[in-house]
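Structure first, then comments.
The values are calculated or read from the model by the stated rules, or taken from the named source; none is laboratory data. Just so we're clear, the structure is a prediction, and the values are computed from it rather than from any experiment. Because the Cβ atoms are built from the backbone with ideal geometry, glycine has one as well, and the counts that use them run over all protein chains shown. Protein only, heavy atoms only, side chains kept; ligands, DNA and RNA dropped before computing areas. Shrake-Rupley method; radii C 1.70, N 1.55, O 1.52, S 1.80 Å.
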Amino acid sequence: MRRVVVTGIGVVSSIGTGAAPFAKALREGRSGARPIGAFDTAGFAHATGCEVVGFEPQRWVRNVPLDEVGRAARFAIASARMAVDDAGLTEEELRRLPGLVSIGTTDGGSDDGERLAASYVHSGPESMDPVAARRLPASTLATGVARELRLSDVDVSTIATACAAGNYAIGNGFDAVRTGEADFALCGGADAMCRMTFTGFYRLGAVDPDGCRPFDVNRRGILTGEGGAVLLLEPLESARERGARSYAEILGYGLNCDAHHQVAPDGDSVRRCMELALADAGVEPGEVDLISAHGTGTKANDVTECGAIRGAFGDRPPRTVSVKSMLGHTMGAASALGAAACALGIEHRFIPPTINHTETDPDCGIDCVPNTAVEARLRVVQNNALAFGGNNAVVVLGKR
Amino acid sequence: MGPVITAWSAISSCGVGRAALEAGLVRPSPLDDESPGTQAFLASDFVVREALGTKGTGSMDRSSALAVGVVGELLPGVDVDARTGVVLGTTSGSSQTQLEFTRDSLTRRKPYFVNPASMPFALMNSAAGQAAIWHKLTGPNTTIAGGRMSGPSVLRYGARLLATGRASGVVCGAVEEYSPTRAWLEHHRGGTRVLGEGAAVVFLESAGTARAPLAEVLGIATRVAVDGDPAGALAACLHRVLERAGAAAEDVRTVAVSAPEGALAEAERTALARLRASVVDPAEVIGDVGAATGPFQVVTLLRSPGLAVATALDADGSVGCVLLRVLS
């Protein structure tokens with residue numbers, strides 16, 4: 001089995017686009033929250049979200065016709081292009097290698113799907129836009145990346161495991177490179193703001209009117225967000241040979257399923273997933289310096305997740321932060337953005353803070369690094385992701 | 001040695017379970033809903049409340065119910081433990097559930113007067129998640145939005161889970177609903193074929209531990225036709241799996257085609273021109289089952305001993321094939 005390192009990071013987010021601006025925003029504890037403009041919010045008492053503004057898709061989507069890829073696919077393509085550039089590689093070099101493109105998503109083309117549904121409802125199904133119908137399938141997220149970068153010899157997959165999908169995709173890339181099936185992997189996640197997710201969480205009373213405040217005693221839920229993040233993974237050996245910078249090594253990951261409840265996470269199962277990941281990484285709980293939590297900011301998630309963390313790590317768990325406090329819940333992109341934040345924290349020696357924090361919920365009982373980043377030399381970092389359907393995925397990154 | 005298939009099951013217009021598909025009765029049903037077409041291959045024998053009972057199925061949609069049902073048909077024949085995984089392919093999840101959720105939001109007195117219980121079903125991972133919840137399968141649980149590439153995609157992903165020890169065995173397959181919303185989307189994409197609904201799954205295990213394999217998965221290859229030549233890309237995939245298996249084109253005895261629409265169908269024929277195999281098209285029996293096409297190709301091949309190939313092409317540019325050695 002080969003060792004696998006992250007040599008390129010591409011990010012589209014509400015707080016910064018590109019690895020360096022994203023790292024700066026994380027360090028500053030910037031908030032991406034603003035009034036939602038992606039869809040009509042009339043009738044909702046509040047509608048704050050973490051939208052990407054000023055995104056210029058034509059900067060990144062140059063080969064694939066723009067009308068063949070929806071907003072989430074554009075985020076994926078942009079992130080992948082940035083990751084390749086950031087790794088100091090060219091598309092020509094990648095084309096010569098067997099590779100993998102794996103993009104996680106919750107909603108895929110649901111923003112298009114909702115516009116098609118509106119046509120269906122208001123003007124009849126005959127009036128739906130055929131161009132949008134063709135680009136709707138979520139498979140276009142991963143194949144869009146391959147088409148844009150002209151990569152033909154790649155294993156492409158769009159992984160649709162809801163809010164844990166980014167970590168799933170990274171794990172998939174890690175395994176393909178580790179086993180020698182692929183010599184590089186472009187893996188991460190992307191999602192665009194959509195009405196369905198917002199409406200569903202709103203209906204459940206799980207959207208915070210103001211800001212996302214994970215682990216806070218006054219937290220009131222998620223903010224929906226959007227964005228994309230892609231990591232370029234390659235074998236440690238090839239990275240060394242070409243003198244590439246490694247942000248971090250992927251040490252291992254774990255996957256399991258609660259098989260218990262569609263929307264309520266099961267603490268024991270989440271703990272087991274963390275244990276699987278640590279065992280896969282060959283790491284003892286005491287060696288973990290930081291947990292990047294799923295940390296949605298809902299009452300239920302944060303208590304359950306922190307309980308699972310204490311179950312795996314004991315009563316003095318590592319510092320546990322939620323970048324969703326800054327980015328909102330970017331769904332399938334969330335754990336990819338979290339993994340990118342972990343890799344950047346390892347490389348630049350800081351811990352991103354949990355912002356909007358006033359008072360830690362005693363039922364959470366963790367040090368969430370409130371409001372201000374801290375300098376730290378991180379050796380092992382764990383990135384958590386939980387999802388509806390009981391889909392858990394935990395990725396462990398580090399520097400050895 | 002690659003992984004092996006040790007069990008399978010299916011639900012389709014032919015009925016529920018293996019024997020029904022093997023009997024292969026062609027029964028398209030007339031439609032009287034708002035669909036663009038007049039008939040579809042509906043899995044009418046699968047009645048959710050009869051098959052699964054009333055408990056827990058109240059808000060379950062048909063896609064998830066099909067997944068729960070087909071996995072339930074499969075499991076009695078296989079060994080399940082805490083690391084048994086589920087990997088299902090899909091096109092877009094349940095388009096019908098998504099449309100209905102959005103319709104409620106757009107037409108009711110308040111935009112948030114939606115049924116929160118239907119929200120998780122609107123997500124693409126619902127079918128796999130529900131199958132795991134219903135049957136207590138706690139291993140890796142993955143949904144791949146592979147469209148018509150779902151066959152090669154779920155087998156390769158499942159094989160990787162086995163090779164890395166993440167799963168002890170994997171339920172691999174796909175589900176596709178029939179619904180007016182799916183039919184209209186396919187209509188607007190230029191689809192002209194009679195649609196079907198169905199779910200097919202196989203159980204994938206490592207060769208060393210399996211008791212009674214039905215087939216070995218000798219190879220899976222996929223490419224993205226970035227140059228606009230899907231026939232050439234598919235031919236390259238065929239070449240690769242045969243070469244790696246040390247087999248020649250004429251050794252392939254059976255091909256199950258995916259039979260896509262239009263130019264892709266032509267590309268599939270072109271890529272297969274060198275083969276002298278007998279050709280089967282599951283869609284003739286069960287209709288166009290979208291993402292489930294690949295898994296149905298694979299289970300159809302399991303009745304034809306010898307080397308067998310299933311091909312896949314998606315409108316998004318991806319192509320691929322699976323090479324099996326079906327054991328007699």
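Annotations for the structure displayed:
- Accessible-area value, A:PHE350, 1.4 Å probe, nucleic acids and ligands omitted, Å²: 0
- Computed with the Debye formula from one identical point scatterer per Cα of chain A, without solvent, the log10 of I(q)/I(0) at q = 0.09 Å⁻¹ comes to -0.46.
- Loop-located trypsin sites (Lys or Arg not before Pro) in region A:209-274 whose Cβ has at most 13 other Cβ within 10 Å (DSSP): A:ARG242, A:ARG245
- Note on B:SER105: accessible area is roughly 10 Å² with a 1.4 Å probe, heavy atoms of protein only.
- Direction-averaged projected area, Cα convex hull, region A:208-292: 8.8 nm², rounded to one decimal.
- Rolling a 1.4 Å probe across the protein heavy atoms gives chain B an accessible surface of 35 Å² per residue.
- Per the accessible-area calculation with a 1.4 Å probe, the total area buried between chain B and chain A rounds to 5700 Å².
- Distance between region B:272-328 and region B:1-36 - C-alpha centres, whole angstrom: 14
- With all protein chains modelled, accessible area of B:LYS136 [1.4 Å, Å²]: 130
- Reduced Cα scattering model of region A:252-389, Debye log10 I(q)/I(0), q = 0.09, 0.10, 0.11, 0.12 Å⁻¹: -0.23, -0.28, -0.35, -0.41
- Separation of alpha-carbon centers, region B:104-174 and region A:36-93, rounded to whole Å: 25
- Nonpolar atom fraction for region B:215-326, defined as the carbon and sulfur part of the 1.4 Å probe accessible area, stands at 49 percent.
- Shielded residues, region B:118-157 - accessible-area loss of 50 Å² or more between chain alone and all protein chains, probe 1.4 Å: B:MET119, B:PRO120, B:LEU123, B:MET124, B:ASN125, B:ILE133, B:THR138, B:ASN141, B:ALA145, B:TYR157
- Here, region B:4-205 yields an orientationally averaged convex hull projection of 11.9 nm² when only Cα atoms define the hull.
- For chain A, taking a cut-off of 4.7 Å between Cβ atoms, the unpaired cysteines are A:CYS50, A:CYS163, A:CYS187, A:CYS194, A:CYS212, A:CYS257, A:CYS273, A:CYS342, A:CYS368.
- Computed from phi, the 3J(HN,Hα) profile of region B:176-187 under the Karplus parametrisation 6.51, -1.76, 1.60 (θ = phi - 60°) reads 9, 7, 9, 7, x, 5, 4, 4, 5, 4, 5, 4 Hz, with x in place of Gly and Pro.
- Rg and Dmax of the protein assembly as shown, based on Cα coordinates, read 23.5, 72 Å.
- With all protein chains in place and a 1.4 Å probe, the accessible surface of region A:252-389 carries 46 percent carbon and sulfur.
- Region B:172-246 shape via C-alpha gyration tensor axes, a/c threshold 1.5: oblate
- Per residue, the solvent-accessible area of chain A (1.4 Å probe, heavy atoms of protein chains only, all protein chains present) comes to 31 Å².
- Across region A:4-241, Cα-Cα pairs more than 25 Å apart make up 43 percent of the total.
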